[in-house]
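Notes follow the structure.
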Amino acid sequence: MLTILGPKPPGSGYCDGVSRRNFLKIGALGLGGMSLPQVLRAEEALGIRSASNRHKAVIMIFLPGGPSHHDMFDLKVDAPREVRGEFKPIGTNVPGIQICEHLPKMAKVMDRCTVIRSMVGAFDDHDAFQCLTGRPNRNQPPGGWPALGAVLSKLQGPVNQTVPPFVGLSPKMGEMRWARTGEPGFLGAAHAPFQPNKGGGKDDMVLQGVTLDRLADRRNLFSSLDRFRRDLDSSGMIEGLDAYTRQAFGILTSSKLVEALDLKREDPKIVERYGKGDPRNRDDGGPKLMEHFLVARRLVEAGARCVTLAFSRWDHHGDNFGALRQDLPLLDQGLSALIEDLRQRGLEKDVSVVVWGEFGRTPTINKDAGRDHWPRVSCALLAGGGMQHGQVIGATDRLGGEASERPVNFGEVFATLYHAFGIDVSKTTINDLTGRPQFLVDNAWAPIRELVG
């Protein structure tokens with residue numbers, strides 16, 4: 001174990017007063033033998049939010065596998081039995097809006113949410129890519145399309161220089177396309193997400209036997225080498241490595257990121273409100289990490305602009321209703337707690353929340369009591385962001401198989417999220433690796449008028 005040696009306040013375990021349990025380890029990088037790939041994972045601490053540094057943020061909650069819109073937010077009670085399923089709708093605190101009986105807590109906060117029942121433009125592809133970028137995972141420019149968090153990092157930068165603006169919480173899964181946190185694409189490594197749950201993350205970072213004076217010397221050496229290499233580089237990648245190196249050094253003198261990730265610092269009553277899930281992966285999908293809803297709030301409050309997470313597994317080709325009876329109450333508790341928590345902490349107007357999967361499920365229940373892939377229509381839920389909530393946008397036909405009113409594309413949702421950040425998608429472009437300006441969303445999609453007025 002390597003430790004940073006420096007002035008130690010009385011009674012503290014380390015030079016900055018952080019306990020052994022919570023001291024950030026910066027693994028195998030040792031700053032005597034620091035490798036740049038490891039430096040890229042050593043991104044630093046999140047700033048404390050205050051009235052003077054309020055910032056916009058988004059929490060993107062991906063439901064891997066394609067959740068059943070029929071059985072969550074678009075129940076078809078008048079459809080034939082083989083379509084309508086086993087669940088009943090319940091009323092919400094918005095007259096006329098009904099959702100699944102297994103989402104009673106969400107029913108109580110529906111006035112602060114919007115349900116989109118007519119999401120279109122999906123592909124029959126088990127991949128989080130479209131939910132993270134707003135674009136299909138095909139016909140991409142060199143380097144690939146960047147995720148929303150990477151775009152926000154590029155356009156708006158960090159809230160402060162030691163804060164990673166983009167954090168991805170999605171854990172490892174058997175189907176790693178579900179575990180995507182959002183790639184930087186052609187924007188380069190400087191705008192990749194900090195991923196505490198992958199590649200060792202915060203548990204694998206080690207830095208020992210390096211004094212603060214030696215650390216400063218290392219920083220000067222890295223800066224000199226990177227300036228030299230940047231002069232010879234034509235791809236822009238060195239700029240990304242420089243940015244990660246700056247953040248890696250910052251983390252060594254700040255514990256804010258560790259504190260944001262440490263739920264022992266949270267009020268136990270709030271932790272209890274979010275609930276306890278199951279850390280085990282289910283088949284090829286993800287665990288049911290209720291704490292990620294809370295960690296996401298702590299991260300955006302501390303300074304992150306975008307936090308992505310993935311919750312459980314929703315690919316129910318068999319025993320659809322048995323699986324949903326387990327998972328819907330957990331989603332109900334975690335998501336409603338997040339929405340209420342954001343309101344109580346004065347973050348509701350600044351933080352947007354989006355919940356969705358890669359596609360919907362078939363209207364007809366199959367022989368295994370499951371629903372199969374159905375990319376023709378799906379659903380989404382939005383909350384916060386200063387939007388006009390308490391409504392349903394769009395509708396499907398009697399069987400829930402086609403969008404019959406107000407179809408909404410993924411690009412429109414992304415345009416709406418960018419609008420919440422004050423970004424005009426009709427005018428803003430970013431250059432790809434060829435120097436060609438690219439708009440942030442395809443087909444000149446505009447923000448959803450029902451949400452932004």
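The values are calculated or read from the model by the stated rules, or taken from the named source; none is laboratory data. Computed from a prediction, not measured in an experiment: that's the story for all the values here. Virtual Cβ from ideal backbone geometry, glycine too; neighbours counted across all protein chains shown.
Only one entry in Gly277, Gly334, Gly286 is modelled with pLDDT under 95 and crowded, with 23+ Cβ neighbours inside 10 Å, namely Gly286. Residues of region 354-401 that are touching a His at 6+ places or on another chain (Cβ under 8 Å) and closer than 16 Å to Val452 by Cβ: Leu382, Ala383.
Hey, among the residues in region 289-307 that are assigned to a helix (DSSP H, G or I) and of a type in the set (Gly, Ala, Ser), which one's surrounded by the fewest Cβ atoms within 10 Å (Cβ to Cβ)?
Ala302
Residues that are surrounded by 12 or more Cβ atoms within 10 Å (Cβ to Cβ) and either of a type in the set (Lys, Arg) or not in a loop (DSSP other than H, G, I, E, B) (or both) within region 69-97 comprise His69, His70, Asp71, Lys76, Val83, Arg84, Lys88, Pro89, Ile90, Gly91, listed in sequence order.
Are there any pairs, at least 6 apart or on different chains, whose C-beta atoms fall under 6 Å, with the first in region 176-190 and over 18 Å from Thr434 (Cβ atoms) and crowded, with 24+ Cβ neighbours inside 10 Å and the second modelled with pLDDT of 95 or more and polar (S, T, N, Q), and if so, which? That search, which allows pairs on different chains as well, returns Thr181/Thr308; Gly182/Thr308. Selection of region 98-124 for residues being in a loop (DSSP other than H, G, I, E, B) and crowded, with 16+ Cβ neighbours inside 10 Å yields His102, Leu103, Val109, Gly121, Ala122. Of all residues in region 419-442, those that are over 16 Å from Val58 (Cβ atoms) and either part of a strand (DSSP E or B) or not polar (S, T, N, Q) (or both) total 13.
Out of Ser312, Ser352, which single residue is closer than 26 Å to His419 by Cα and of a type in the set (Ser, Thr, Tyr)? Don't jump to the end; show me each part of the working.
Working: Ser312 fails: closer than 26 Å to His419 by Cα.
Just a single option satisfies the conditions, and that option is Ser352.
Can you tell me which residues in region 308-331 are assigned to a helix (DSSP H, G or I) and either at pLDDT below 95 or closer than 20 Å to Arg280 by Cα (or both)? Show your work before the answer.
Restricting attention to region 308-331, the residues satisfying the condition of being assigned to a helix (DSSP H, G or I) are 320-331.
Those that are assigned to a helix (DSSP H, G or I) and either at pLDDT below 95 or closer than 20 Å to Arg280 by Cα (or both): Asn320, Gly322, Ala323, Leu324, Arg325, Gln326, Asp327, Leu328, Pro329, Leu330, Leu331.
One residue alone among Gly168, Gly185 is at pLDDT 95 or above, under 20 Å from Ser312 (Cβ atoms) and touching a helix residue (DSSP H, G or I) at 6+ places or on another chain (Cβ under 8 Å), and that residue is Gly168. Tell me, which residue of region 408-437 that is of a type in the set (Ser, Thr, Tyr) and either over 23 Å from the mean Cα position of the chain (by Cα) or surrounded by 20 or more Cβ atoms within 10 Å (Cβ to Cβ) (or both) is farthest from Phe186 (Cα to Cα)? Among those that are of a type in the set (Ser, Thr, Tyr) and either over 23 Å from the mean Cα position of the chain (by Cα) or surrounded by 20 or more Cβ atoms within 10 Å (Cβ to Cβ) (or both), it is Thr416. Hey, among the residues in region 106-151 that are basic (Lys, Arg) and touching a strand residue (DSSP E or B) at 6+ places or on another chain (Cβ under 8 Å), which one's nearest to Gly286 (Cα to Cα)? Among those that are basic (Lys, Arg) and touching a strand residue (DSSP E or B) at 6+ places or on another chain (Cβ under 8 Å), it is Arg117. Could you check region 379-407 and list, in sequence order, the residues that are surrounded by 20 or more Cβ atoms within 10 Å (Cβ to Cβ), in a strand (DSSP E or B) and within 26 Å of the chain's Cα centre (by Cα)? Residues satisfying the conditions are Cys379, Ala380, Leu381, Leu382, Ala383, Gly384, Val392, Ile393. For region 340-378, a residue qualifies if it is surrounded by fewer than 24 Cβ atoms within 10 Å (Cβ to Cβ), in a helix (DSSP H, G or I) and not polar (S, T, N, Q), and the qualifying residues are Glu340, Asp341, Arg343.
Of all residues being of a type in the set (A, V, I, L, M, F, W, C) and farther than 22 Å from Gly65 by Cα in region 126-161, which is surrounded by the fewest Cβ atoms within 10 Å (Cβ to Cβ)? Just the residue, please.
Taking region 126-161 as the starting set, the residues that turn out to be of a type in the set (A, V, I, L, M, F, W, C) are 128-129, 131-132, 145, 147-148, 150-152, 155, 159.
Within this subset, residues satisfying the condition of being farther than 22 Å from Gly65 by Cα are 150-152, 155, 159.
Details: Ala150: 28, Val151: 30, Leu152: 24, Leu155: 18, Val159: 22.
Per the stated criteria, the residue is Leu155.
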